[in-house]
Each structure stands twice: as structure tokens, then as C-alpha cells.
Amino acid sequence: MPEIEYRIPQQRRLVTELPGPRSAALTERRRNAVGAGVASSVPVYAADVDGGIVLDVDGNSLIDLGSGIAVTSVGGSDAAVVKAIQEQAAHFTHTCFMVTPYEGYVAVAEKLAELTPGDHAKRTVLFNSGAEAVENAVKIARVATGRRTVVVFDHAYHGRTNLTMAMTAKNKPYKEGFGPFAADVHRVPASYPFREGLNHDGTEITGVQAAQRAIEQIDKQVGAHNVAAIVIEPIQGEGGFIVPAEGFLPTLVDWAKSNGIVFVADEVQTGIARTGSWFASDAEGIVPDLVTIAKGVAGGMPLAAVTGRAELIDAVHGGGLGGTYGGNPVACAAALATLDRMAELDLCGRARRIEEIAVPRLQALAEEVDVIGEVRGRGAMLAIELVQPGSREPNPQAAAEIAARALAEGVILLTCGTYGNVIRLLPPLVIPDELLVDGLDVLADAVRATAGVLVGAAQ
């Protein structure tokens, strides 16, 4: 990665306990102003962000291993992205592309057609959030096929709108109390190698077998001729950073193609260099019909997209897709600068380098303690799954304890997983090696301390 000039020293530094007094005061103000349904992972308030550091309002410098959930891949204030935002905002912040269009929207669509898998003719429609992109991909698939049913998978997360809540697997906190949900959504088993059962002869279930299991259920319970779309994350995110077994996704893609079903890759979290290629579908060797994109695409500005086969997207009648803010000109400017910056810094290569640094350290830690069931992921989308010692029983208590211990030492970690037992690592792709290693050292100490406490409690 070329040399980067950071505004904030890339060094962990604590000057108060966490949360500090100013963060604590903001929490009190928040209680009287912000809805209780909006939760935050950490109790500190950001004042400045650069590279791999979050500087809080009390002057503490924390290592960021979350990137705002895989959003600030180029850092929270990359100079080129900031400049592009400023220049566009100085001219106009909004016209609504559906009223008075502008070049930035077209340029983003051209760039996404270039970067997404496949060399077929493509079209793009821009939105504000990942959930909007997923919902509109379903709309496109239904119009293009004339069918209604959407197939999704166990452990999936697709968003918080009514339709995407129906598509999301985990009930709490995402769905609890919010029903009834949209109809014509059918869920089938995914490939979760760490938690798969075995074949009758004791061999491991392969990716092809897992896909055939899902296909058989679709055929029996829905009928392939009724399915408009299969929607799946190439690596399941909120469900636990689950990497499917080899052959799972290609088998599903081939079956979908042979049955006239639109295959939608939800790359909201896995896309835009996060897994070591522009899209995780590339590493899986698949070409989706539609790709949903958001998070890291615009350097922190709200922008999302559906990019895919021209004949599918163009099947929708004029006015059927869009939204007042979709493809906002400032967000488009940020996206173009972000994508240029990623190419300039080779952040796909940087994601692979992060994996090279982190995975051996995490695997060595897993051999040292008995609360890590598996280390998995790809590129800079990595995770450890926590288990009860000596078993594969999920251990959400350990995940929460590790995150809390790490935060106390100045490292921001995120948890996830259907069972709440996964620590996920999503560092900014521009994080310096030394800062990443320091963060991993703090994580390792937190795991060791938690494992020792758990062992002591069991005895």
C-alpha cells in the first residue's frame, strides 16, 4: 500500500477511563433526546476519525476494528473523499435525479458496471441504504420473471424494512414485535461448515450437498417455477461471518439459471474490496444476475445500488424505481472518489494483507484457549466464533466479555452471529500494520482473560 499521510497519530492512547466524562455527559443528553430503540455498541462519542483511529470527545484514541460496520474502508476522513464532497456541495447538494439528472449518478453507474462480476450488459439504480437496495432487487426480479416468491437462507441478514425484515433470519433485535411481515418469502438451510451435521457415513457435508439440500426443499415446498429470486450474502454478515463450503454458491447459481430464477448476491457488507477482491462473488467464481451494494462504496456517505443484467433491470416500467434522495449528488461524488482511492491504494491487496497478518495470530490464539471454536473469514472480514469450553455450544457471554475488555483498553470490536457468539473484525483497509497488530494483541489478551475467568467460574 502506498504511503498515507494521517491527520491523527495512528496510536492507541487512553487519557481517561471509558467512557470519559464528556461521553458520559452526552449519554445523559441522549437519554432525553434519542429514542431508546437506537442502541450503540460502545459508550464513547466520536470527535474525529482518521485511518484506524477514532478520537473520542475526551481525547482518547481508540483502535477502530469495526469501520462503522464495514463502511469507512478508506478511513473516516480520507482527504480525496473529503475534497470531492466539498467541491460537489459547493455547486449543489440536491436536484433529485428523477427531476433534473446529473453526471455523477451516470458516472457511478458506469463504474459499478465495470467493477461488478461478469462482462454482460449492465444497468444500475442508486438508493440510500443496503435495505433499500435489497428490496428493489426483489422488485426487479418479480417484474422481470412475473413470479412472486423470494428464497432466502438461515442466518441471513438483509435489512430493517418490512420486506427485508421478513428476509432476515434472526428475530431479536431485528424483528421482535415488528410484524406482520411481507409474504412470499421462503427460508431454506444455508451452508454453515462449523455447525453442519455429518452424512450417514460420517463424512462432512460438502458445499454441493448443502446446496442440493436447499434445492430439494425449494422444489418440494415452493416449486422452482414460482421462485422470482434467490437472495444470499456470499459470506453471511450479521449471521456470523459464515463462509459457505466450496461449491455451495456455484451449485445454487447453476440451478437458478436453469430454472429462470434471478440470483441476487447481497454484497452490502462483503463488497467494495472488503474480502480481498472488489466483490466476494469473484472469489466464489460466480456471476450473480443482480448485486446489491452499499456500506463501503461511498466513504461513509449514504449510497446504495442494484447493479446487474440490463434485461432484468430494464424490464421495470419507467418511474417504478427510484426515490427522492437515491443517488444524491454529494454521495455520488464521494463514491467516485472512494473507488478511485481504493484502486490507487490497492485496497483489495491491502485486505488480503490484513488477512495474512491477522489469521495466523488468531489461529495460534485458538490453539491456546478452548473458547474459540473457529477462526474464519476472508480478507479484512474476519471472525472468531466463541464456544463453551470443550464443546461447540455457542458462548455469547464470552463474546460480550471480550468486546468489553477490549474497549476498556481502547479497541473497538463488534459482535455478531445468530447466537450472539461471534467477534468480527472489520478494520479500515487503510489501518497501519503496527496499529492492527496492537489491536490484535489487545483482542488476544481479552480472550485469554475471558477464558481464564470462564474456566475459573466453571471450577
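Which residues' amide hydrogens lie under 5 Å from the amide hydrogen of ASP48, considering only partners 5 or more residues apart or on another chain, with H built in the peptide plane? Residues meeting the criterion, in which the H sits 1.01 Å from N, are LEU55.
Using helices alone, I'd like the mean residue ellipticity at 222 nm for the chain: each DSSP H run of four-plus residues gives -39500 (n - 2.57), total over residue count, nearest 500. Kindly include the intermediate steps, with their values, before the conclusion.
Details: 14 runs with 176 residues, N = 459.
Theoretical 222 nm ellipticity from helices: -12000 deg cm²/dmol.
The length gained by stretching the chain between GLU311 and ASN162 to full extension, at 0.36 nm per residue less their Cα-Cα distance, is 50.9 nm. For region 336-459, relative contact order (Cα pairs under 8 Å, six or more residues apart, normalised by length) works out to 23 percent.
Counting charges near ARG392 (Lys, Arg +1; Asp, Glu -1) among other residues having Cβ under 12 Å from its Cβ returns a value of -4. Please enumerate, by chain and number, the lysines with C-alpha under 19 Å from the C-alpha of LYS220, excluding those fewer than 8 residues away in the same chain. Of all the lysines, those that pass the test against LYS220 - Cα under 19 Å, at least 8 places apart if same chain - are LYS257.
Proximity of backbone amide H atoms, modeled 1.01 Å from N, is registered between GLY75 and LEU429, VAL430 at under 5 Å, excluding neighbours fewer than 5 places apart on the same chain.
Starting from the Cα-Cα distance between ARG13 and ALA364, subtract it from 0.36 nm times their residue separation and give me the gain in nm to one decimal. Could you put the intermediate results ahead of the total?
Values: separation 351, 0.36 × 351 = 126.36 nm, distance 2.66 nm.
Computed gain between ARG13 and ALA364 is 123.7 nm.
Name the helices (complete DSSP H segments) of the chain with a Cα length along the long axis of 30 Å or more and a Kyte-Doolittle mean of at least 0.5, or state none. Provide the component values of the computation, followed by the final result.
Numbers: long enough: 347-368 (31 Å, -0.15); 433-458 (37 Å, 1.03).
Answer set is 433-458.
Straight-line reach from LYS175: taking Cα to Cα under 17 Å and skipping same-chain neighbours fewer than 8 places apart, no lysines fall in range.
Pairs of Cα atoms nearer than 8 Å and 6+ residues apart set the relative contact order; for the chain it is 21 percent. Scanning the chain for chymotrypsin sites (Phe, Trp or Tyr not before Pro) in DSSP loops with at most 13 neighbouring Cβ atoms within 10 Å leaves 179-459 as the longest stretch between them. Each listed q (0.10, 0.11, 0.17 Å⁻¹) maps to a log10 I(q)/I(0) for region 81-345 from the Debye sum over equal C-alpha point scatterers, namely -0.49, -0.59, -1.34.
Quick check: residue separation of ALA46 and ARG30 times 0.36 nm, minus the Cα distance between them. What number comes out in nm? Please report the intermediate quantities before stating the final value.
Details: separation 16, 0.36 × 16 = 5.76 nm, distance 1.40 nm.
Length gained, ALA46 through ARG30: 4.4 nm.
Highest average first, the peptides 265-274, 292-301, 8-17, 31-40 ordered by how many other beta carbon atoms sit within 10 Å of their residues are 265-274, 292-301, 8-17, 31-40. Taking all Cα pairs closer than 8 Å and separated by 6 or more residues, the relative contact order of region 81-345 comes to 31 percent. In order along region 60-72, the phi-based Karplus estimate (6.51 cos²θ - 1.76 cosθ + 1.60, θ = phi - 60°) of 3J(HN,Hα) comes to 7, 9, 10, 6, 9, 10, x, 6, x, 6, 6, 9, 8 Hz; Gly and Pro are listed as x. Rounded, prolate or oblate: pick one for the chain, where a ≥ b ≥ c are the square roots of the eigenvalues of its C-alpha gyration tensor, a/c under 1.5 means rounded, and failing that, prolate if a/b is larger than b/c, else oblate. The shape class here is oblate. Taking amide H positions as placed in the peptide plane 1.01 Å from N, state which residues far from ARG187 in sequence (5 or more) or on other chains have amide H under 5 Å from it. Sorted by chain and number, the residues that satisfy this are VAL152. Excluding same-chain neighbours fewer than eight residues apart, the aspartates and glutamates reachable from LYS122 by a Cα-Cα span under 18 Å are GLU103, GLU110, GLU114, ASP266, GLU267, ASP282, ASP289, GLU311, ASP314.
Rounded to 0.05, the FRET efficiency of the GLN217 and GLU176 pair, given R0 = 22 Å and the Cβ-Cβ distance, is 0.30.
Spin-label model, HIS225 to ILE4: label points 7 Å out along the Cα-to-beta-carbon direction sit 5.4 nm apart.
Values quoted throughout were computed directly from the atomic coordinates according to the rules given, and no laboratory measurement underlies them. Computed from a predicted structure; not experimentally measured. Neighbour counts are summed over all protein chains in view; Cβ atoms, including those assigned to glycine, are modelled from backbone coordinates with ideal geometry.
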